[in-house]
Amino acid sequence: MGWMERFGIAGLAEKSFVKLSSGEQRLCLLARAFVKNPDLLILDEPMHGLDESHRGMVRRIVDEYCSDPSVTLVMVTHYPEELPSCVRKRLVLHRN
């Protein structure tokens, strides 16, 4: 299964990126991040603008991907509930 299928966006393959909704654009960018199967995956607010069902899907995909011990994930989020269960260490920054 390809990354577009995994993210549920295979039907968007022939559409212009600029004509997609913001949620569809976000899913396309996420799929693109996985395409080359990186050992280091850096995600900055990956679930911003996604509804709850898509956030759950993204968490599951990230968890599955990071089940490989050779993969390292760095993820930035303002919302702890968005963190996938594979996250074992967190750095919390507080504003003074």
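Bear in mind that the values in this text are calculations on the coordinates, not laboratory data. Small disclaimer: the values here were computed from a predicted structure and weren't measured. Virtual Cβ from ideal backbone geometry, glycine too; neighbours counted across all protein chains shown.
Assorted remarks:
- Taking every residue in segment 51-71 that is assigned to a loop (DSSP other than H, G, I, E, B) and pairing it with any residue that is loosely packed, with under 12 Cβ neighbours inside 10 Å, at least 6 positions away or on another chain, the pairs with Cβ-Cβ distances below 8 Å are S70/D39; V71/D39; V71/L40.
- Filter result for the condition that a residue is touching a strand residue (DSSP E or B) at 6+ places or on another chain (Cβ under 7 Å), among the aliphatic types (A, V, I, L, M) and crowded, with 17+ Cβ neighbours inside 10 Å, over L43, L50: L43
- Any hit, segment 73-80, residues being outside any helix (DSSP H, G or I), among the hydroxyl-bearing types (S, T, Y) and surrounded by 13 or more Cβ atoms within 10 Å (Cβ to Cβ): yes
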